[in-house]
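To keep things clear, I will list the structure first and then write my remarks on it.
The values are calculated or read from the model by the stated rules, or taken from the named source; none is laboratory data. Treat the numbers as computed from the prediction; the structure is a model and nothing was measured. Here the Cβ is made from the backbone with ideal geometry for all residues, glycine too, and neighbour counts use every protein chain on show. Remember, those area values only see protein heavy atoms, side chains included, never the ligands or the DNA or RNA. Shrake-Rupley method; radii C 1.70, N 1.55, O 1.52, S 1.80 Å.
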Amino acid sequence: MEDILKRIISIRKNPENDLKNISFYIRNMDHDIYNLVISRLKKQIEIVRKYKPPVRPAIDPMVSSYIGVYSGLEFAEEYGKLMGYPTCCIESFKSVRFAIDEEHLKEVEDLKEEGKIAIVITSGFIPCSLKCKEAWKRCLIGSVSQKEYDNILQLERTLFKELPHYHGGYSEYYEKIRF
């Protein structure tokens with residue numbers, strides 16, 4: 001998440017060629033809204049550090065909305081790069097794979113581990129495969145124990161309390177697939 005924050009701050013000062021559309025949007029953002037975006041993202045990073053989850057949560061829904069994530073689907077590649085998603089997953093998403101689907105769910109059985117109770121995925125991130133090694137390496141997917149699962153649930157409650165929002169389609173910071 002710190003990388004996303006740094007990239008947004010950097011874009012505000014200097015547009016990035018590989019993020020042309022996002023750069024235009026962030027550079028032209030109202031100063032007060034930009035400051036709100038930065039402060040909410042910093043607050044989220046502070047909260048997440050306390051919980052140390054094995055998988056990164058989705059970024060704050062208000063931040064996502066203000067930087068155009070939900071309205072910029074035609075720029076999926078740019079937003080994927082900003083969020084640190086693997087190229088293979090961005091390409092899969094661009095091929096109209098917008099949700100965890102039956103193909104993903106078929107992979108769950110192969111991912112079961114002793115002492116683990118669920119697969120968790122950063123909400124909003126649609127991997128090319130639940131077995132994508134790069135997504136696991138970037139902490140966008142992981143298998144968790146009961147203790148880690150409970151910690152993630154508490155993190156989500158804390159994020160909702162500390163960073164209230166009114167985004168109806170964004171109810172969780174993680175997708176969870178219980179074994």
Between a first residue in the range 59-75 that is of a type outside the set (S, T, N, Q) and a second residue that is surrounded by fewer than 24 Cβ atoms within 10 Å (Cβ to Cβ) and at pLDDT below 75, which pairs have beta carbons less than 7 Å apart while being 6 or more apart in sequence or on different chains?
61/167; 61/170
Condition test on residue 45, is it open to solvent by less than 80 Å² (accessible area, probe 1.4 Å), in a helix (DSSP H, G or I), among the β-branched types (Val, Ile, Thr) and modelled with pLDDT under 95?
no
Quick check: anything in the range 27-36 under 13 Å from the mean Cα position of the chain (by Cα), part of a helix (DSSP H, G or I) and surrounded by fewer than 16 Cβ atoms within 10 Å (Cβ to Cβ)?
no
If a residue has to be of a type in the set (Val, Ile, Thr) and surrounded by 11 or more Cβ atoms within 10 Å (Cβ to Cβ) to count, how many in the range 91-110 make the cut?
2
In this structure, does residue 124 turn out to be within 23 Å of residue 46 (Cα to Cα), at pLDDT 95 or above, of a type in the set (Gly, Ala, Ser) and surrounded by 15 or more Cβ atoms within 10 Å (Cβ to Cβ)?
no
What single numbered condition from (1) out of contact with any Phe, Trp or Tyr (no Cβ under 7 Å at 6 or more places or on another chain); (2) surrounded by 13 or more Cβ atoms within 10 Å (Cβ to Cβ); (3) of a type outside the set (Asp, Glu) fails to hold for residue 179?
(2)
Within the range 139-168, how many residues are open to solvent by 50 Å² or more (accessible area, probe 1.4 Å), closer than 29 Å to residue 102 by Cβ and either in contact with a Pro (Cβ under 7 Å, 6 or more places away or on another chain) or touching a residue at least 60 places away in the same chain (Cβ under 8 Å) (or both)?
3
If you go through the range 50-80, how many residues are assigned to a helix (DSSP H, G or I) and modelled with pLDDT under 95?
14
Among all residue pairs at least 6 apart or on different chains, which show Cβ distances below 6 Å where the first residue, located in the range 103-120, is under 17 Å from residue 175 (Cβ atoms) and of a type outside the set (Lys, Arg) and the second is assigned to a helix (DSSP H, G or I) and open to solvent by 40 Å² or more (accessible area, probe 1.4 Å)?
117/146
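Given the criteria touching a strand residue (DSSP E or B) at 6+ places or on another chain (Cβ under 8 Å), among the basic types (Lys, Arg) and touching a residue at least 60 places away in the same chain (Cβ under 8 Å), does residue 56 qualify?
Criteria met by residue 56.
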